[in-house]
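**Student:** What follows is a single structure, and I will ask about it in a moment.
Throughout, read-outs are computed from the coordinates displayed, never taken from laboratory work. The shown structure was predicted, so the numbers you read here are calculated from the model rather than taken from an experiment. Methodologically, a virtual Cβ is constructed for each residue, glycine included, from the backbone with ideal geometry; neighbour enumeration extends over all protein chains shown.
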Ligand SMILES: Cc1cc2nc3c(=O)[nH]c(=O)nc-3n(C[C@H](O)[C@H](O)[C@H](O)COP(=O)(O)O)c2cc1C
């Protein structure tokens with residue numbers, strides 16, 4: 001990035017408080033340290049188009065107290081979706097709805113960033129019989145039957161997908177979104193390129209880590225060129241895939257260092273893939289959730305050590321497992337992160353950041369247990385229950401209702417919702433069960 005000198009110094013005021021603003025390298029300011037994590041809203045209409053419900057949902061979250069809201073993953077190709085109900089933005093046909101979405105989400109001074117993604121082979125066969133991937137290797141694991149075998153992308157097709165990311169980023173800016181986040185985590189296409197297991201290519205996009213990260217760095221460069229120097233470009237990345245032979249912590253630190261040198265504004269740390277260890281817990285509820293604690297904290301500490309050299313660096317967001325004010329304060333005060341990412345808490349408690357800043361949640365928020373009450377059903381639909389239940393609650397928020405966390409057997413509600421919204425194909429899992 002030639003213009004790095006002109007870019008703003010990020011302010012790591014130590015120890016930062018959750019309510020203190022954060023100036024990003026590009027000059028944009030987040031009003032505080034809370035980031036709403038990207039969650040597929042499953043609200044798209046026919047042809048993966050955004051809807052009035054997205055507008056209502058993000059108006060609600062703009063009032064949550066979060067400094068940064070990241071949308072659920074928006075796909076760059078309407079024929080390549082990662083989950084039912086994904087939005088796709090590949091041209092300007094939906095500009096009016098996107099403008100309304102951006103205006104609602106960026107109200108009250110919130111940053112609203114569009115997460116941009118391509119699923120690669122992690123695209124259920126029920127919605128995509130023709131997935132593409134770095135290499136023609138299928139998805140392994142017990143759910144492999146839910147995914148069609150992918151075809152290897154040609155170099156020209158890779159270049160075309162890079163251009164699609166840039167096009168979607170440019171439309172996001174034009175519509176009034178205030179930033180973009182490139183999704184390089186959770187086993188989707190960019191992560192497939194990074195992974196030595198998924199990427200068996202012998203050309204300039206495969207083999208060495210430099211080659212495996214080429215697709216990501218080209219996407220980031222193209223997105224930056226599309227949105228300009230004064231606009232936040234963030235990347236969500238895996239600390240590791242959590243699978244033997246997959247993208248490792250050591251490699252992730254090297255990729256992050258490269259992204260930092262390229263001028264990326266914020267790195268959002270996550271982990272896992274659908275075929276391996278999913279980031280999201282299954283139906284263990286609060287007890288299991290709290291045992292796990294803050295996710296990827298060890299990795300974030302290693303990253304901080306790397307960045308502790310007196311130089312100016314990208315901001316670091318850490319996402320997963322934040323349920324209490326003390327955990328969030330500790331993450332900032334220890335220097336482990338500049339920003340805390342919140343996913344499920346913002347669905348069950350849409351004012352969570354406001355409540356924390358007002359002195360609440362000294363004790364952890366308890367996530368509900370999403371169980372059908374029938375062990376065999378819980379086991380059979382383990383990968384679907386939790387995601388579907390959170391989707392069903394986002395759908396309530398999207399029509400102006402409050403979340404409904406009481407009642408027994410939330411899992412039955414979740415299954416009924418999934419069948420009604422997405423048909424039987426919905427019962428194909430979107431995250432695999434059971435692992436941490
Ligand atoms: C319903 C649902 C949908 C999700 N969709 C996305 C997504 O589109 N993009 C993404 O990067 N992560 C997605 N995630 C993962 C979250 O961003 C986050 O990393 C994860 O939920 C852990 O954070 P939490 O413990 O605060 O929920 C999703 C999670 C849930 C529950």
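**Student:** Contact order normalised by length for the chain, with contacts defined as Cα pairs under 8 Å and 6 or more residues apart; what percent is it?
**Tutor:** 17 percent
**Student:** OK, next. Give me 334, 270 ranked fewest to most by other Cβ atoms within 10 Å of their Cβ, as a rough exposure proxy.
**Tutor:** On the way: 334 14, 270 24.
In order of increasing Cβ crowding within 10 Å: 334, 270.
**Student:** Next up: With springs connecting C-alpha atoms under 10 Å apart, model the chain as a Gaussian network and identify which of 364, 46, 345 has the largest mean-square fluctuation.
**Tutor:** 46
**Student:** While we're looking at this one, here's another question. Looking only at 91, 241, 406, which one moves most when the chain is put into a Gaussian network model with springs between Cα atoms under 10 Å?
**Tutor:** 406
**Student:** For the chain, modelled as a Gaussian network with Cα springs under 10 Å, which listed residue fluctuates most, 197, 57, 22?
**Tutor:** For the chain, modelled as a Gaussian network with Cα springs under 10 Å, the answer is 197.
**Student:** Run a plain Debye calculation on the chain (Cα atoms as equal point scatterers, no solvent) and give log10 I(q)/I(0) at q = 0.12 Å⁻¹, rounded to two decimals, same order as the q list.
**Tutor:** Debye curve over Cα of the chain, log10 I(q)/I(0) at q = 0.12 Å⁻¹: -0.95.
**Student:** Dividing the alpha-carbon radius of gyration of segment 314-436 by 2.2 N^0.38 Å (N being the number of residues), what value is obtained?
**Tutor:** Normalised by 2.2 N^0.38 Å, the Cα Rg of segment 314-436 equals 1.19.
**Student:** For the chain, what is the calculated [θ] at 222 nm in deg cm²/dmol (nearest 500), taking -39500 (n - 2.57) for each run of four or more DSSP H residues and dividing by its residue count?
**Tutor:** -10500 deg cm²/dmol
**Student:** Based on DSSP, what percent of beta bridges with both residues in the chain are antiparallel, to the nearest 5?
**Tutor:** Within the chain, antiparallel bridges account for around 10 percent of the total.
**Student:** Pairs of Cα atoms under 8 Å, at least six residues apart: use those to get the relative contact order of segment 193-277, whole percent.
**Tutor:** Answer for segment 193-277 is 29 percent.
**Student:** Just rank 213, 262, fewest to most, by other beta-carbon atoms within 10 angstrom.
**Tutor:** Working: 213 22, 262 17.
Starting with the residue having the fewest Cβ neighbours, the order is 262, 213.
**Student:** Next question, about the same structure. Rank the residues 388, 64 as a footprinting-exposure proxy: fewest other Cβ atoms within 10 Å of their Cβ go first.
**Tutor:** Numbers: 388 27, 64 23.
Fewest to most other Cβ atoms nearby, the residues stand as 64, 388.
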